[in-house]
1. Starting from the Cα of Phe83, move 7 Å in the Cα-to-Cβ direction to define the label point; list residues of the range 133-159 whose amide nitrogen is under 12 Å from there.
2. Considering the range 230-273, what Rg and Dmax in Å follow from its alpha-carbon atoms?
3. Output the 0 to 90 degree angle, nearest 10, between the alpha-carbon long axis of helix 107-125 and the longest principal axis computed from the alpha carbons of the chain.
4. How large is the Kirkwood hydrodynamic radius of the chain, in angstrom, based on all distinct alpha carbon pairs?
5. Work out how far the C-alpha atoms of the range 153-285 reach from end to end along every principal axis, then list the three figures in whole Å, largest first.
6. For the chain, which whole-number percentage of the solvent-accessible area (1.4 Å probe, protein heavy atoms only) is attributable to carbon and sulfur atoms?
7. In deg cm²/dmol and to the nearest 500, what is the mean residue ellipticity at 222 nm of the chain if only DSSP H runs of at least 4 residues count, each as -39500 (n - 2.57), divided by the residue total?
8. Cα atoms only, the range 171-210: Rg and Dmax in Å?
Amino acid sequence: MDGLEKRIHKYYLVIALFFGVVLSILMPFFNEPDGVYHFVNSSNIVHLTTDINVYGENSKWFGDQFMNQKPAYQNGDYFKKYFETEVQRMPMSKLPRSTVYPKVLSYNFIGHLIPAIGIWAGYHIYPSIGMMIVCGRLVNMLVMTIGMFLIIKFVKRGKLLFMVVALSPVQMNLFSSLSYDATSMLLVSIFIAALINIVNRDKFTIFSLMRLCLLAAILYLGVKTNLCLVFLFIPLLVFAYPLKRIIKSIIVLTPPIARRIFMIITVGFLAVIAFYITHQRGGFL
């Protein structure tokens, strides 16, 4: 296992890059939830707003919309329709659904920034929606995969867990998409890896707290609101280390029988609280 842990980040990189390229090129466009919405916002960032109606996409920007591509697959003209047909530029004000330039200090901008770079590159290779989306996916996948590779390499514990989650179908699809959820998950992974390394050192200092607060500020701007729940780990760590010292002192100074009684009372108290909270919602089990 020691030898495996030293190489596991390399295994992840090879597997993730291979399947990431395959997914980025072969997956139907807009297969991710709200796919058109992510494409429009990413293209807005680099001022390449296009008329998606040219490709048969409607003004409904939310939900799974890749079924609109079914006739092109069946007729055999998919490549011609999406890769050879040039996009038609149009101002944001004339889009089928009203939109504005994303606010810079928001997850809508930060999360779409990396795929937007790929969309810009794809447009300048050939101005078709297919080339723009594929390049956007490839750039996003490459950045996210390298980021996760570095996390797995430098995190001190849980390397295999990070690898398995990052190679799961949902996560691989996110990384090979234009969704802002990919950036959100990468930033949260960085934050959790930092927490793990602090716990592994068994030392929590003011500099550790400052690093976590800096990461928390980045997360606050760059991830979806529900993912900010990870901030609860900060006060948990702040109180955990002095509490740990107190508990160690109690264990050293307390007779064994008293420790057993204390543990029984503590477990019983927690069980009563758990029962009280859950009994109106189906019970503890």
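1. Backbone N within reach: 134-135.
2. 13.3, 38
3. 40
4. This gives a value of 22.0 Å.
5. The Cα atoms of the range 153-285 stretch 59, 43, 28 Å along their principal axes.
6. The nonpolar share, carbon plus sulfur, comes to 72 percent.
7. So the helix-based figure for the chain works out to -21500 deg cm²/dmol.
8. 13.9, 39
The values are calculated or read from the model by the stated rules, or taken from the named source; none is laboratory data. Since the structure is predicted, the reported quantities are computational estimates derived from the model, not experimental observations. Don't worry about glycine lacking a Cβ; one is built from the backbone with ideal geometry, like all the others, and counts go over all protein chains shown. With ligands, DNA and RNA removed, areas are computed over all heavy atoms of the protein, side chains included. Shrake-Rupley method; radii C 1.70, N 1.55, O 1.52, S 1.80 Å.
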